[in-house]
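These notes are about the structure you will find just below.
The values are calculated or read from the model by the stated rules, or taken from the named source; none is laboratory data. Everything numeric in this text was worked out from a predicted model, so none of it was measured. Don't worry about glycine lacking a Cβ; one is built from the backbone with ideal geometry, like all the others, and counts go over all protein chains shown.
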């Protein structure tokens with residue numbers, strides 16, 4: 001949170017490009033990490049709570065409880081949205097679409113939970129149940145989507161991303177919106193690195209380097225616009241799944257690491273090109289920023 005506030009101050013208040021500030025802190029924190037751990041050093045993580053995030057599973061019944069909570073939250077959110085639209089005098093979609101959405105979540109979720117409830121272990125130790133990281137990730141996605149789609153701050157964030165000057169003239173506090181955005185992003189960066197540390201079980205001086213590249217690639221591949229103002233949190237999550245599938249698939253094919261980077265980079269360039277072309281066709285300009 002402190003790091004995000006620091007970045008937000010220089011970007012929103014001072015006016016330094018965000019890329020410069022974040023890159024500077026990225027290099028600075030890497031240096032601090034190297035000083036603390038030492039060149040070639042390694043810090044072994046022994047906290048059971050951190051290690052459990054990526055390595056332990058919920059009990060079988062826990063996965064089904066998670067699915068039930070997801071269905072109930074989906075129903076509650078859908079009817080809450082309908083009530084808000086009714087109060088605002090805005091037409092609602094047919095109620096049958098709500099139940100179709102809930103049914104799809106229940107069926108797809110039931111299939112996934114059922115598969116994860118099977119024993120996936122190849123040795124004497126049973127590996128079954130939904131991984132603990134799944135409900136944590138779903139909670140982050142739901143909270144983030146709720147904030148972006150259903151709160152004033154979320155709509156203002158899209159407005160600032162689309163056209164900061166137009167948002168300012170409409171009365172939006174652009175500086176505050178940007179500042180808070182960097183605080184949130186820095187907090188989520190810590191969460192993502194905790195996931196990575198939990199998976200590896202240790203921290204080395206180069207920790208976090210690969211996550212930065214994967215994070216940018218996931219957002220762009222998922223359809224989040226580099227020009228701002230368009231994209232959803234779920235799109236970035238889908239992009240992350242695509243990047244993970246590419247990485248794991250190429251690894252299973254025993255291809256060199258260089259091929260992995262080349263293919264991922266090609267996918268990233270292709271996604272960015274599609275974003276730029278679609279923006280121009282929608283009436284935007286390549287020179288508006």
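See the values below:
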item: Verdict on residue 137 being at negative phi, under 19 Å from the mean Cα position of the chain (by Cα) and modelled with pLDDT of 90 or more; result: yes
item: Single residue of 220, 174, 191 found to be assigned by TED's automatic domain parsing to the domain that holds residue 32 and farther than 20 Å from residue 136 by Cβ; result: 174
item: Test result for residue 223, out of contact with any helix residue (DSSP H, G or I) (no Cβ under 9 Å at 6 or more places or on another chain), farther than 16 Å from residue 18 by Cβ and either at pLDDT 85 or above or surrounded by 17 or more Cβ atoms within 10 Å (Cβ to Cβ) (or both); result: no
item: Pairs where the first residue, in the stretch 227-243, is outside the structural domain of residue 189 (by TED's automatic domain parsing) and in contact (Cβ under 8 Å) with a residue 60 or more places away in the chain and the second is in a loop (DSSP other than H, G, I, E, B) and surrounded by 19 or more Cβ atoms within 10 Å (Cβ to Cβ), C-beta under 9 Å, 6+ apart; result: 230/224; 232/222; 232/224; 233/224; 234/222; 237/222
item: Residue that is within 23 Å of residue 208 (Cα to Cα) and free of Cβ contacts under 8 Å to residues at least 40 places away in the same chain, where the choices are 22, 3; result: 22
item: Single residue of the stretch 252-289 satisfying the filter (in a loop (DSSP other than H, G, I, E, B) and surrounded by 11 or more Cβ atoms within 10 Å (Cβ to Cβ)) that is modelled with the lowest pLDDT; result: 284
item: Flag if residue 72 is within 30 Å of residue 190 (Cα to Cα) and surrounded by 14 or more Cβ atoms within 10 Å (Cβ to Cβ); result: no
item: Test set (1) in a helix (DSSP H, G or I); (2) touching a helix residue (DSSP H, G or I) at 6+ places or on another chain (Cβ under 8 Å); (3) farther than 18 Å from residue 224 by Cβ - residue 145 fails condition number; result: (3)
item: Filter pass, residue 34 being surrounded by 15 or more Cβ atoms within 10 Å (Cβ to Cβ) and either under 30 Å from residue 113 (Cα atoms) or touching a helix residue (DSSP H, G or I) at 6+ places or on another chain (Cβ under 8 Å) (or both); result: no
item: Which listed residue, of 143, 111, is at pLDDT 90 or above, surrounded by fewer than 11 Cβ atoms within 10 Å (Cβ to Cβ) and farther than 20 Å from residue 54 by Cα; result: 111
item: Test for residue 181: is it touching a helix residue (DSSP H, G or I) at 6+ places or on another chain (Cβ under 9 Å), surrounded by 14 or more Cβ atoms within 10 Å (Cβ to Cβ), assigned by TED's automatic domain parsing to the domain that holds residue 68 and assigned to a helix (DSSP H, G or I); result: yes
